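Beneath this line is the structure, given in structure tokens, with notes to follow.
The values are calculated or read from the model by the stated rules, or taken from the named source; none is laboratory data. Keep in mind it's a predicted model, so treat the numbers as computed, not measured. A quick note on method: Cβ atoms are made from the backbone with ideal geometry, for glycine too, and the neighbour counts reach across all protein chains shown.
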Amino acid sequence: MKIGLLNKLKERLPVNPGILRKNEFFNSAVLIPLVHVSDEYFFLFEKRAADIRQGGEICFPGGEIDETDSDIIHTAVRETVEELGVDKNKIEIVGRLDTLVGPMRVTVDSVVAILKIDDISNIPFDKREVEKIFLLPISFFEKTPPEKYKLQLQAHSTIKDKSGNEIELFPAKELKLPERYQKPWNAGNSTVLVYRTGEGTIWGITASLVYELVRKLC
């Protein structure tokens, strides 16, 4: 490599490295709303409407990052306003957690915020997206460690279409790769966190965000 190319490389390497090929992921942002009630802070959760993607699951407000959003905070606040119907002036940003990279090629940037409201029964949430909202005290999660499980992930170089025809996704045989890549192979394990609550099961990405925030309070 010539000196000129090395200098160009030095100029183009990121000062703060991010995630390679991030544009190939489903990139999302969520708001972790904290509500102050009777001298204690609570998480505000949503239960997703039954007829939308991941219907019936418990989560925080959020969604896909739009290219028109100015930054992560913009996305998280926009989605919260859309889903909960709250005034953005009632959202006080506290800070951010680290980016979470999920096993299903998804990234989640989370924004911690205080939701300045007195009574969640007055929140006009969008019933097309949200079945209900509820509060759980942070102290519950401080006292209740999550259950931990493992999921085994598999990679497939071929799939079958609706007619049963095999479709090759990755030409492992043609590339003369070891035979183990010509059939489904183990792509690693993923740890899944689970909290059992009186409002339902909180698991997966949402449980991970709760766990990481609570860890910072200990």
Filtered residue count, segment 142-172, keeping only those that are free of Cβ contacts under 8 Å to residues at least 24 places away in the same chain, β-branched (Val, Ile, Thr) and closer than 30 Å to Tyr211 by Cα: 0
Among residues of segment 181-202, those that are of a type in the set (D, E, K, R) and under 25 Å from Leu136 (Cβ atoms), counted: 2
Residue within segment 67-79 that is surrounded by fewer than 12 Cβ atoms within 10 Å (Cβ to Cβ) and either within 13 Å of the chain's Cα centre (by Cα) or more than 23 Å from Leu20 (Cα to Cα) (or both) present: no
Extreme residue, farthest from Gln54 (Cα to Cα), among residues of segment 187-216 that are touching a Lys or Arg at 6+ places or on another chain (Cβ under 9 Å) and of a type in the set (S, T, N, Q): Asn189
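Given the criteria within 18 Å of Ile202 (Cα to Cα), at pLDDT below 95 and buried (at least 18 other Cβ atoms within 10 Å of the Cβ), does Arg53 qualify?
Values: within 18 Å of Ile202 (Cα to Cα): yes; at pLDDT below 95: yes; buried (at least 18 other Cβ atoms within 10 Å of the Cβ): no.
No, not satisfied.
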Exclusive hit being of a type outside the set (A, V, I, L, M, F, W, C), under 27 Å from Asp118 (Cα atoms), touching a Leu at 6+ places or on another chain (Cβ under 6 Å) and not in a strand (DSSP E or B), set Thr80, Thr75: Thr80
Residue count, segment 175-218 (criterion: part of a helix (DSSP H, G or I) and surrounded by 13 or more Cβ atoms within 10 Å (Cβ to Cβ)): 13
Residues being assigned to a loop (DSSP other than H, G, I, E, B), exposed (fewer than 11 other Cβ atoms within 10 Å of the Cβ) and charged (D, E, K, R) - total across segment 161-174: 3
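Keeping to segment 83-131, report how many residues are part of a strand (DSSP E or B) and in contact (Cβ under 8 Å) with a residue 24 or more places away in the chain. Even if it seems obvious, please write down each step before you answer.
Residues of segment 83-131 that are part of a strand (DSSP E or B), as a first pass: 91-96, 100-102, 106-115, 130-131.
From the residues that got through so far, the ones that are in contact (Cβ under 8 Å) with a residue 24 or more places away in the chain too are 91-92, 94, 96, 100-102, 106-115, 130-131.
So the answer is 19.
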Identity of the residue in segment 39-66, outside any loop (DSSP other than H, G, I, E, B) and aromatic (Phe, Trp, Tyr), that ends up farthest from Ala29 (Cα to Cα): Tyr41
Leading residue by the ranking (nearest to the chain's Cα centre (by Cα)) among those in segment 89-127 that are within 14 Å of Phe26 (Cα to Cα) and among the charged types (D, E, K, R): Asp109
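Being farther than 28 Å from Leu193 by Cα, among the basic types (Lys, Arg) and at pLDDT 95 or above is the requirement here; does Lys10 meet it? Before you say what the answer is, go through the steps one by one.
Details: farther than 28 Å from Leu193 by Cα: yes; among the basic types (Lys, Arg): yes; at pLDDT 95 or above: no.
Criteria not met by Lys10.
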Qualifying positions in segment 104-154 - hydroxyl-bearing (Ser, Thr, Tyr) and surrounded by fewer than 18 Cβ atoms within 10 Å (Cβ to Cβ): Thr107, Ser121, Ser139, Thr144, Tyr149
